[in-house]
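Report on the following structure.
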Amino acid sequence: MSLLVLLGTAVAWWGRISVTGAIPWAALRAGVQLLAVSLIIGVALRQVWMAIVFVSIMFAIGVYTTAGRSGLRSPRAFLAAGAAMLAGALPVLTIIFATGAAPLAGASIVPIASIVVGNMMSAHTLVARRAFAELRTGLPQYEAYLSLGLDRWSAISAIVSPTLHEGLVPALDQTRTVGLVTLPGAYIGVLLGGGSPWAAAAAQVLVLVGINTGQACTAVAARWLMAQAWLLPPDLAQALRP
């Protein structure tokens, strides 16, 4: 692992990529965090309510992370980011566990919910960062829409909608190429746990479809919240006034 960290850091430094210092720091954080999680996850798996509390903490950290990456500062924007992530994660997890596709037990809640929450966080970050960039460069277009009689909701939606799908592309590509390019974690996890290849495939498809569905919900919810001027960084909240 040390060699991989050194290689990544050296290449980033040689290529003058701004994440040079972030690579070893991320590796260190990952090791410490996984060690800490390993100490408590055994407890979280014992009871359903413990698993839900554990996942809720993960969700809160995910909201904090995506808010920081997106440049969101106000409490309202922070809550809006959480609402967008929840709009994707909650329906997917409800369907998975309410239909019996996965048992309502700590051993299944923690891994499935953590995968779904993590992917909602990623989708929100990608959607928000791209949408905010489009809004910043599209301020003249925004003013033009208002001059034509559109309200703020319609003007913001018109600017961010053309690129909204880009936050979903990585997960969609992974779904299209699963088994051909990579074998994702859920598949490998079931195999290592002693399950059959058929059970592993079913679990992986369930997770991938859930991720795609949840990310679509998160993206649409994020656009609606942006159009309401709730999910905006400070500079855009100031600039995008009706």
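The values are calculated or read from the model by the stated rules, or taken from the named source; none is laboratory data. Not measured: the values here are computed from a predicted model. Reconstructed Cβ throughout: ideal geometry from the backbone, glycine too, with neighbour counts over all protein chains shown. Surface areas here come from the heavy atoms of the whole protein model, side chains and all, with no ligands, DNA or RNA. Shrake-Rupley method; radii C 1.70, N 1.55, O 1.52, S 1.80 Å.
Some points to look at:
- Any hit, segment 87-102, residues being more than 21 Å from the chain's Cα centre (by Cα), hydrophobic (A, V, I, L, M, F, W, C) and either closer than 30 Å to R129 by Cα or open to solvent by 50 Å² or more (accessible area, probe 1.4 Å) (or both): yes
- Residues of segment 22-51 that are at pLDDT 75 or above and small (G, A, S): A22, A26, A27, A30, G31, A36, A51.
- Scanning segment 81-117 for residues being part of a helix (DSSP H, G or I), more than 25 Å from G68 (Cβ to Cβ) and polar (S, T, N, Q) gives a total of 2.
Here is a yes/no grid of residues against (1) farther than 20 Å from V110 by Cβ; (2) of a type in the set (A, V, I, L, M); (3) exposed (fewer than 11 other Cβ atoms within 10 Å of the Cβ); (4) more than 23 Å from the chain's Cα centre (by Cα):
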site: R16; (1), (2), (3), (4): yes, no, yes, yes
site: T20; (1), (2), (3), (4): yes, no, no, yes
site: I23; (1), (2), (3), (4): yes, yes, no, no
site: L39; (1), (2), (3), (4): no, yes, yes, yes
site: V48; (1), (2), (3), (4): no, yes, no, yes
site: I52; (1), (2), (3), (4): no, yes, no, no
site: V55; (1), (2), (3), (4): no, yes, no, no
site: M58; (1), (2), (3), (4): no, yes, no, no
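- Within segment 123-147, considering residues that are without any contact (Cβ under 8 Å) to a residue 24 or more places away in the chain and farther than 14 Å from V160 by Cβ, the one farthest from the chain's Cα centre (by Cα): S147
- Meets criteria (surrounded by 13 or more Cβ atoms within 10 Å (Cβ to Cβ) and more than 30 Å from P234 (Cβ to Cβ)) for M1: no
- Options R73, R136; residue that is out of contact with any strand residue (DSSP E or B) (no Cβ under 8 Å at 6 or more places or on another chain), outside any helix (DSSP H, G or I), closer than 27 Å to L236 by Cα and open to solvent by 40 Å² or more (accessible area, probe 1.4 Å): R73
- Residues of segment 148-157 that are under 23 Å from the mean Cα position of the chain (by Cα) and open to solvent by less than 10 Å² (accessible area, probe 1.4 Å): I156 alone.
- Those helices (runs of 4 or more DSSP H) of segment 158-242 in which at least 3 residues are open to solvent by 40 Å² or more (accessible area, probe 1.4 Å) and modelled with pLDDT of 95 or more, considering only elements entirely within it, cover 197-227.
- Only one entry in M58, M50 is assigned to a helix (DSSP H, G or I), in contact (Cβ under 8 Å) with a residue 40 or more places away in the chain and farther than 16 Å from H124 by Cα, namely M50.
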